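Just so it is clear, none of the values below were taken in a lab; they were calculated from the coordinates. Everything numeric in this text was worked out from a predicted model, so none of it was measured. So basically every Cβ, Gly included, is an ideal-geometry build from the backbone, and we count neighbours across all protein chains shown.
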Amino acid sequence: MAPADAHTDAGTGPAPQADTGAEDTLDLELSEEVLALFGEDPLAGEAMRPLPGAPASSASSVPGGAGPAEGTGPVTNRAAMSRPVMSRAAASDLLDHPADWRPVTTPAGVFQLVPVRLERDLAVLTRWMNDPAVAAFWELAGPEAVTAAHLRPQLEGDGRSVPCLGVLAGIPMSYWEIYRADLDPLARHYPARPQDTGIHLLIGGVHNRGQGVGTTLLRAVADLVLDNRPRCARVVAEPDLRNTPSVSAFLSAGFRFSAELELPDKRAALMVRDRIHRAQL
């Protein structure tokens, strides 16, 4: 299917297909300063902090018992990544410290991205991943070990992908992956630009589905990326073309349909939100 948007970037024709069988991530040259930060994980043994608005005794639960909704899954299973453990500072440099991004006020309430902590969040994320609407696109249904295997390479990696809970009005209700699209396998399938930042998401509460909450939060997260990553000119996403509600939410959130991509595990819609057009969308 041809792009629905007549406005296309220069050089946005089909990208050469590289052999993706041998390596799951793109090579990244790290500076000596960053390499010096490799070493023992400083988060090991750190006291777990409860999420905003969550009781200290049960921070891993989602108030209200809401079930999850469909989302946009990753291009590839990042469980295949193998990266050395880095310090918090080094692991956040590639994405400009998402843990420090401030909460934002949206029409749906105050929203904040809170980086995932495995010991605190694994149970609720596993429950969301086992919802049939989510599993159809994320393909991570199963016991906690399946979800943990997806999260650990990101949490212990070089910081090119940061998994986060989306906390709305004090309630954890969505899962997000903020990632460097130019350093991701996705970059083999479209003409990536330096600092392109990607988004994967799922909405974890059924009462938030079909109410426009996804569109509201997509716009808020794209704005967070552009506000906190001054070198990033574009926020991108690649929802499954079959996931019509997701594609529609991206369009309503100011993204444009740039191209149809044939990825290893799905046919996707390349959605782009350009910094230069931010005020008009």
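Structural remarks
- Extension gain, ARG242 to HIS277: 0.36 nm times the residue separation minus the Cα-Cα distance gives 9.9 nm.
- Cα-based shape type of region 95-199, given that a ≥ b ≥ c are square roots of the gyration tensor eigenvalues and the cut on a/c is 1.5: oblate
- Chymotrypsin sites (Phe, Trp or Tyr not before Pro) lying in DSSP loop within region 140-241, provided at most 10 other Cβ fall within 10 Å: none
- Gained length - ALA149 relative to THR105, 0.36 nm times residue gap less alpha-carbon distance: 12.5 nm
- Three-way shape label, region 63-280, alpha-carbon gyration tensor, a/c 1.5: rounded
- Net charge dipole, region 63-280: roughly 360 debye, given to the nearest 20, about the Cα centre with Cβ charges of +1 for Lys and Arg and -1 for Asp and Glu.
- Computed over region 130-281: relative contact order in percent, which uses C-alpha pairs under 8 Å that are six or more apart: 16
- Packing-based exposure ordering (other Cβ within 10 Å, fewest first) of MET271, MET129: MET129, MET271
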